[in-house]
Amino acid sequence: KARWSLLQGFGMEALFKKQLYRTNMAMDLSPAELPDWFSFALAKRRADIVCAWLEKYPVDSLGISLRDIMLYTVANYRGSYAVKIINCLEKMSPGLCAGFQDRHGNNLLWYTALCWQFRSLYATPFANDGARRDPDSAPGEADVAWRRMANQHGDQNGTRAGNRKLYQHLIRCGISPDQKNHYGFSFQDID
């Protein structure tokens, strides 16, 4: 981030407009190096540019490992943008996603859990008087409440909060939502 101040001029405009050719031209004219441009494109969610640079440049020159790119993408991107980068990473290193396990035994699905926080605005489903804040969240009706919430906040194109495409893609990559971590919990248990 300290070096992002070197990214100026038409290169920034081209990056935000997703103009790969102009961004590459700006890189040649800028004192900033490829890792600076790549980290900025990754942080600003420019999936097309990130994928193009992943395919064009050696991984060592990007200043970040494929594993770290994968973790950042899964934790911060949504829907089809995340799927695009995960596809690119899987082409470069088949089995990268399915083979991931952190020191607690969590698979990659656990890193998408931040996307589930919009499910409830409250820390508890109960009000001060003990009544449920949302009657649809009563036991047995949680699925209805979840579908309603997903329809309200989801995004069919995969550009906002909807992350169903990413979950489906990660499961197709061989990641099991039922795989238990070292503490005996699975990603499925979050729900």
Next item on the list: Would you point out the residue of segment 53-99, among those that are of a type in the set (Phe, Trp, Tyr) and surrounded by 20 or more Cβ atoms within 10 Å (Cβ to Cβ), that is nearest to GLN179 (Cα to Cα)?
Entry: TYR77
Notebook entry, point to check: Do you know which residues across segment 17-34 are surrounded by 13 or more Cβ atoms within 10 Å (Cβ to Cβ) and not in a loop (DSSP other than H, G, I, E, B)?
Noted result: LEU20, ARG22, THR23, ASN24, MET25, ALA26, MET27, LEU34
Notebook entry, point to check: Among PHE10, PHE40, which is open to solvent by 50 Å² or more (accessible area, probe 1.4 Å), without any contact (Cβ under 8 Å) to a residue 40 or more places away in the chain, of a type outside the set (Lys, Arg) and over 18 Å from LYS165 (Cα atoms)?
Noted result: PHE10
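Per-residue answers, yes or no, for (1) aromatic (Phe, Trp, Tyr); (2) over 30 Å from GLY95 (Cβ atoms):
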{"position": "TRP4", "(1), (2)": "yes, yes"}
{"position": "ASN24", "(1), (2)": "no, yes"}
{"position": "PHE38", "(1), (2)": "yes, no"}
{"position": "ALA52", "(1), (2)": "no, no"}
{"position": "LEU62", "(1), (2)": "no, no"}
{"position": "SER65", "(1), (2)": "no, no"}
{"position": "TYR72", "(1), (2)": "yes, no"}
{"position": "LYS84", "(1), (2)": "no, no"}
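The values are calculated or read from the model by the stated rules, or taken from the named source; none is laboratory data. This structure is a prediction, so every number in the text was calculated from the model and none was measured. Heads up, the Cβs are rebuilt from the backbone with ideal geometry, glycines too, and the neighbour counts pull from every protein chain shown. Protein only, heavy atoms only, side chains kept; ligands, DNA and RNA dropped before computing areas. Shrake-Rupley method; radii C 1.70, N 1.55, O 1.52, S 1.80 Å.
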